[in-house]
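Notes follow the structure.
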Amino acid sequence: MPDQRIDCLAAISEHIVGMAQAAAGNLERSVPGCPGRTGRELVSHLIDVQWFWTTIVSQRLQQPPEETTRPPKAEAALLLNQLRRGGDRLVLALKSADETEVVWTWAPGRSDVGFITRHQAQEAAVHHWDACEADGEQLTAAPELAADAVDEFLAFSISSDADPADPSRPPLGGSLILACSDAPQAWTLSNGLHPGTVAVHAGVNGKFPVLRATAWELLLWLYRRVELDLGEVPTGLPDRLRALCFTD
């Protein structure tokens, strides 16, 4: 994995600030990308996420922090300031730690600060998009960051032999290639060794149907935020793939 640590830290700051700006005046509006959530609930969710990972990194925890230590939410008028401050604290905690330091994460085989840094850039960007969509705006992200986020998503947010969905889900039942139209990355996805899992290989490995879009569009599609022109991909295969994804 290429070292994109500094880019990720900058992206976290950029997308948290952007999310606060997009959510201003829209806290009671529904968020289409997060059914059932209002702008206030989306902001509150990310404040919780910031506190959770900041606590783990700053205290080098080997287990999730105690819920009793979670600070109360600010009143509505100060909620966006709490979001911004939480983003600043998260970036400072990540910047102050060595990315190889061992801490608790939910990812099999990746219990280090570097994983948190990389994933939080992805989470901030996607929820920034959610806030923008609720405000009637469209957000795009840098191709390099988006392609790295797709790569990270396929490594840790999909049912795999290392981390199978529980309960099990219907199998992929085929193979396809995800290819970025604005970056050199591509991934070949096929059935894993166990039912209801996906094997992911970097690059094009075989003559399989190709789902091609910008890296950002592919990420949002995996997160079920947008739909894409499926082109030559057989009907049903994309839906089965997304059913094997762990998204929020």
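The values are calculated or read from the model by the stated rules, or taken from the named source; none is laboratory data. Because the structure is a prediction, the values reported are computed rather than measured. Please note: Cβ atoms are built from the backbone with ideal geometry, for glycine as well, and neighbour counts cover all protein chains shown. For accessibility, only protein heavy atoms count, side chains too; no ligands or nucleic acids. Shrake-Rupley method; radii C 1.70, N 1.55, O 1.52, S 1.80 Å.
Looking only at residues that are small (Gly, Ala, Ser) and closer than 13 Å to Glu133 by Cα in region 29-47, which one is most open to solvent (accessible area, probe 1.4 Å)? Spell out the reasoning first.
So in region 29-47, the residues small (Gly, Ala, Ser) come out as 30, 33, 36, 39, 44.
Among the residues that remain, those that are also closer than 13 Å to Glu133 by Cα are: 30, 33, 39.
Values: Ser30: 77, Gly33: 14, Gly39: 7 Å².
By that ranking, first place goes to Ser30.
Of all residues in region 155-176, which are among the polar types (S, T, N, Q) and open to solvent by less than 10 Å² (accessible area, probe 1.4 Å)?
Step one: list which residues in region 155-176 are among the polar types (S, T, N, Q), which gives 157, 159-160, 168, 175.
Ser157, Ser159 - these are the residues of region 155-176 that are among the polar types (S, T, N, Q) and open to solvent by less than 10 Å² (accessible area, probe 1.4 Å).
Can you name every residue in region 194-205 that is farther than 13 Å from Leu178 by Cβ, assigned to a loop (DSSP other than H, G, I, E, B) and modelled with pLDDT of 95 or more?
Gly196, Thr197
Among the residues of region 140-192, count how many are among the acidic types (Asp, Glu) and in a loop (DSSP other than H, G, I, E, B). Can you show your working first?
Quick first cut of region 140-192, residues among the acidic types (Asp, Glu) only: 144, 148, 151-152, 161, 163, 166, 182.
From what's left, in a loop (DSSP other than H, G, I, E, B): 161, 163, 166, 182.
Residues flagged as among the acidic types (Asp, Glu) and in a loop (DSSP other than H, G, I, E, B) within region 140-192 amount to 4.
Does region 131-158 hold any residues that are in contact with a Cys (Cβ under 8 Å, 6 or more places away or on another chain), touching a residue at least 60 places away in the same chain (Cβ under 8 Å) and farther than 16 Å from Ala11 by Cα, and which are they?
The answer is Phe153, Ser157, Ile158.
Contact list please: Cβ distance under 7 Å, first residue in region 222-242 and touching a residue at least 12 places away in the same chain (Cβ under 8 Å) and of a type in the set (A, V, I, L, M, F, W, C), second residue assigned to a loop (DSSP other than H, G, I, E, B) and surrounded by 15 or more Cβ atoms within 10 Å (Cβ to Cβ), pairs at least six apart or on different chains.
Here the result reads Val233/Pro209; Leu237/Gly174; Leu241/Leu172, each pair linking region 222-242 to a residue that is assigned to a loop (DSSP other than H, G, I, E, B) and surrounded by 15 or more Cβ atoms within 10 Å (Cβ to Cβ).
Please list, ordered by first then second residue, the pairs with beta carbon atoms under 6 Å, 6 or more apart or interchain, first in region 61-83 and open to solvent by less than 70 Å² (accessible area, probe 1.4 Å), second of a type in the set (D, E, K, R) and modelled with pLDDT under 95.
That search, which allows pairs on different chains as well, returns nothing.
So which of Pro164, Pro170, Pro209 is touching a strand residue (DSSP E or B) at 6+ places or on another chain (Cβ under 9 Å), more than 30 Å from Asp88 (Cβ to Cβ) and either in contact (Cβ under 8 Å) with a residue 12 or more places away in the chain or not basic (Lys, Arg) (or both)?
Working: Pro164 fails: touching a strand residue (DSSP E or B) at 6+ places or on another chain (Cβ under 9 Å); Pro170 fails: touching a strand residue (DSSP E or B) at 6+ places or on another chain (Cβ under 9 Å).
Going through Pro164, Pro170, Pro209 in turn, the sole match is Pro209.
Only one of Thr105, Thr117 is of a type in the set (Val, Ile, Thr), in a loop (DSSP other than H, G, I, E, B), open to solvent by less than 50 Å² (accessible area, probe 1.4 Å) and closer than 21 Å to Leu219 by Cβ. Can you tell me which? Break it down stepwise before answering.
On the way: Thr117 fails: in a loop (DSSP other than H, G, I, E, B).
The unique qualifying residue is Thr105.
Restricting to region 137-151, what's the tally of residues that are more than 15 Å from the chain's Cα centre (by Cα) and buried (at least 20 other Cβ atoms within 10 Å of the Cβ)?
Total meeting the criteria: 0.
Each row is one residue, and each column tells you yes or no for (1) over 25 Å from Pro35 (Cβ atoms); (2) crowded, with 17+ Cβ neighbours inside 10 Å; (3) out of contact with any Asp or Glu (no Cβ under 9 Å at 6 or more places or on another chain).
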| residue | (1), (2), (3) |
| --- | --- |
| Phe153 | no, yes, yes |
| Leu178 | no, yes, yes |
| His201 | yes, no, yes |
| Ala213 | no, yes, no |
| Asp229 | no, no, yes |
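Within region 126-136, does at least one residue satisfy the condition of being charged (D, E, K, R), modelled with pLDDT under 95 and open to solvent by 20 Å² or more (accessible area, probe 1.4 Å)? Give the steps one after another, and end with the answer.
Of all residues in region 126-136, those charged (D, E, K, R) come to 130, 133, 135.
Still in the list and also modelled with pLDDT under 95: 135.
Filter once more, keeping what is open to solvent by 20 Å² or more (accessible area, probe 1.4 Å): 135.
Yes, that holds for at least one residue.
At pLDDT 95 or above, part of a strand (DSSP E or B) and within 19 Å of Ala107 (Cα to Cα) - does that describe any residue in region 206-219?
Taking every residue of region 206-219 in turn, none turns out to be at pLDDT 95 or above, part of a strand (DSSP E or B) and within 19 Å of Ala107 (Cα to Cα).
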